[in-house]
Amino acid sequence: MRLVITGGAGFLGSHLAERFLGQGHAVTVLDNLLTGRLENIEPLFGRPGFTFVKQDVTNFIHVPGKVDAVLHFASPASPDDYAKYPIPTLKVGALGTHKALGLAKDKKAIFMIASTSEIYGDPLVTPQKEDYWGNVNPIGPRGVYDEAKRFAEAMTMAYHRYHKMPVRILRIFNTYGPRMRKNDGRAVPNFITQALKNKPITVYGRGNQTRSLCYVSDLVAGIDALLHSNINTPVNIGNPRELTILSIAKLIKKLTGSRSAIVHKPLPTDDPKVRRPDIALAKRELKWQPRVSLEEGLKATIEYFRS
């Protein structure tokens, strides 16, 4: 196969590019490097079948030759990023999705959108199942990301229904692992960076809000399985093991051997109180479930940050 990955120099995109190249596929990465980094894909340069194009995918996309799948992963993806880049976040979810869908339609390719558990907002039901419509504040600070992804899903389904295109809608739950940026703004890199420097570990609110952390290799395996399925409706990919933010901070402190104190700061606006995927659909249809334990995954991530 030949795959086009938008946002392929980012944390998740680079792991996907590496996996598909390793399987013998050709991979073209499109990335404007707003939050992606060349160092994530530097080991792939010079490998047969790999191409990198620096491009803003909110503009017209042209990729010569045949394309079998377009994976739209371009987007700022952390609260710090979309607070810093609110308009590019909305544009890449709307215009970028439109351009990527257009490329897939032209090439008669499968289209995959990297959606997110954030489309559920601050959920009123738990665990979150694919048929839950969510509880999102469209005009809050997180709305730029949540609504961009909700729009992206709506447009993807419109292309599927109107143009009969094969599509895959991937709802990603909290994922962590090597190649995250230390100043990413998400909990795991924040906690690890602070712990390794023996600086205070910042927990927002009382820390009793929950997250479900999936190691990147598990997520990538789920993405691969979904791409090769025939499911055109949304699928949750994540780890259903639910933990409080405070317990994650304490575990990272323990695993790093840190002397850091844990300090509490006010909870950000619209911060979700719970996050836990219902992965029954993925288990049943994709024969997928996460395999890497939290402790194992955090140790590998901590070693990456140490280095």
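Each value in this text was obtained by applying a stated rule to the coordinates, not by laboratory testing. Because the structure is predicted, anything quoted here is derived from the model rather than measured. A quick note on method: Cβ atoms are made from the backbone with ideal geometry, for glycine too, and the neighbour counts reach across all protein chains shown.
Against the chain, whose longest principal axis comes from its Cα atoms, helix 187-196 is set at around 50 degrees. In loop segments of the range 133-181 as defined by DSSP, the chymotrypsin sites (Phe, Trp or Tyr not before Pro) with at most 13 further C-beta atoms inside 10 Å of their C-beta are 133. Relative to its residue count, the range 113-241 spans a Cα convex hull of 130 Å³ per residue. In this structure the amide hydrogen of residue 175, modeled in the peptide plane, comes within under 5 Å of the amide hydrogens of 214, none closer than 5 places in sequence on its chain. Here is the size of the range 255-306 from its Cα atoms: Rg then Dmax, 16.6, 45 Å.
Ranking 75, 258 by Cβ neighbours within 10 Å, fewest first, what do you get?
258, 75
Estimated from the Cβ-Cβ distance and a Förster radius of 41 angstrom, the FRET efficiency linking residue 124 and residue 68 is about 0.55. Per-residue ellipticity at 222 nm from helix content only, as computed over the chain with -39500 (n - 2.57) for each DSSP H run of at least four residues, stands at -11500 deg cm²/dmol.
The trypsin sites (Lys or Arg not before Pro) of the range 219-307 that meet both conditions, a loop assignment by DSSP and at most 14 other Cβ atoms within 10 Å of the site Cβ, are 241, 259, 273, 287, 291. Computed with the Debye formula from one identical point scatterer per Cα of the range 1-93, without solvent, the log10 of I(q)/I(0) at q = 0.14, 0.17, 0.24, 0.25 Å⁻¹ comes to -0.46, -0.67, -1.22, -1.30. In order along the range 130-143, the Karplus-derived 3J(HN,Hα) couplings, from 6.51 cos²θ - 1.76 cosθ + 1.60 at θ = phi - 60°, round to 4, 8, 7, 8, x, 9, 10, 8, x, 10, x, x, 7, x Hz, and Gly and Pro are given as x. Listed by chain and number, the aspartates and glutamates whose C-alpha is less than 17 Å from the C-alpha of residue 254, apart from same-chain residues fewer than 8 away, are 295, 296, 303. Rounded to the nearest Hz, the phi-derived 3J(HN,Hα) couplings of the range 246-263 under the Karplus curve 6.51 cos²θ - 1.76 cosθ + 1.60 (θ = phi - 60°) are 5, 5, 5, 4, 5, 5, 5, 4, 5, 5, 8, x, 7, 9, 4, 7, 9, 10, where x marks glycine and proline. Restricting attention to the chain, close to 10% of DSSP beta bridges with both partner residues there are antiparallel.
With each label modelled as a point 7 angstrom along the Cα→C-beta vector, the residue 304-residue 84 pair spans 1.8 nm.
Partners of residue 299 within straight-line reach, counting aspartates and glutamates whose Cα lies under 16 Å from its Cα and excluding those fewer than 8 residues away in the same chain: 218. Of the residues 219, 260, 110, the one whose Cα sits farthest toward the positive end of the charge dipole of the chain, with +1 on the Cβ of Lys and Arg and -1 on the Cβ of Asp and Glu, is 260. For residue 110, the amide hydrogen comes within under 5 Å of the amide hydrogens of 69, 70, counting only partners 5 or more places away or on other chains and with H modelled in the peptide plane. Exposure proxy for 73, 11: other Cβ atoms within 10 Å of each Cβ, ordered fewest to most, give 11, 73.
Legend: Rg and Dmax of the range 165-307, from Cα coordinates, 16.1, 54 Å.
Here the average projected area of the convex hull drawn through the C-alpha atoms of the chain stands at 14.5 nm². The phi torsions of the range 206-218, fed into the Karplus equation with coefficients 6.51, -1.76 and 1.60 and a -60° offset, translate into couplings of 7, x, 8, 5, 10, 9, 10, 9, 10, 6, 4, 5, 5 Hz, rounded to whole numbers, with Gly and Pro shown as x.
Cross-link pairs exceeding 28 Å in C-alpha to C-alpha distance, out of 54/199; 253/273; 99/273; 54/149; 129/149, comprise 54/199; 99/273. Sequence-distant contacts, meaning Cα pairs under 8 Å at least 6 residues apart, place the relative contact order of the chain at 17 percent. The trypsin sites (Lys or Arg not before Pro) of the range 187-231 meeting both criteria, a DSSP state outside H, G, I, E and B (loop) and at most 15 other C-beta atoms within 10 angstrom of the site's C-beta, are 197, 206. Over all projection directions, the Cα-based convex hull of the range 181-264 averages an area of 6.5 nm².
Measuring nothing but how far apart in sequence close Cα pairs (under 8 Å, 6+ apart) lie, relative to its length, the range 158-237 scores a relative contact order of 51 percent. Here is the size of the range 63-143 from its Cα atoms: Rg then Dmax, 15.0, 46 Å. For the range 1-121, the dipole from Cβ point charges (+1 on Lys and Arg, -1 on Asp and Glu) about the Cα centre works out to 440 debye, to the nearest 20. Under a 5 Å amide H cut-off, with hydrogens placed 1.01 Å from N, residue 27 pairs with 3, 50, 51 among residues at least 5 apart or on other chains.
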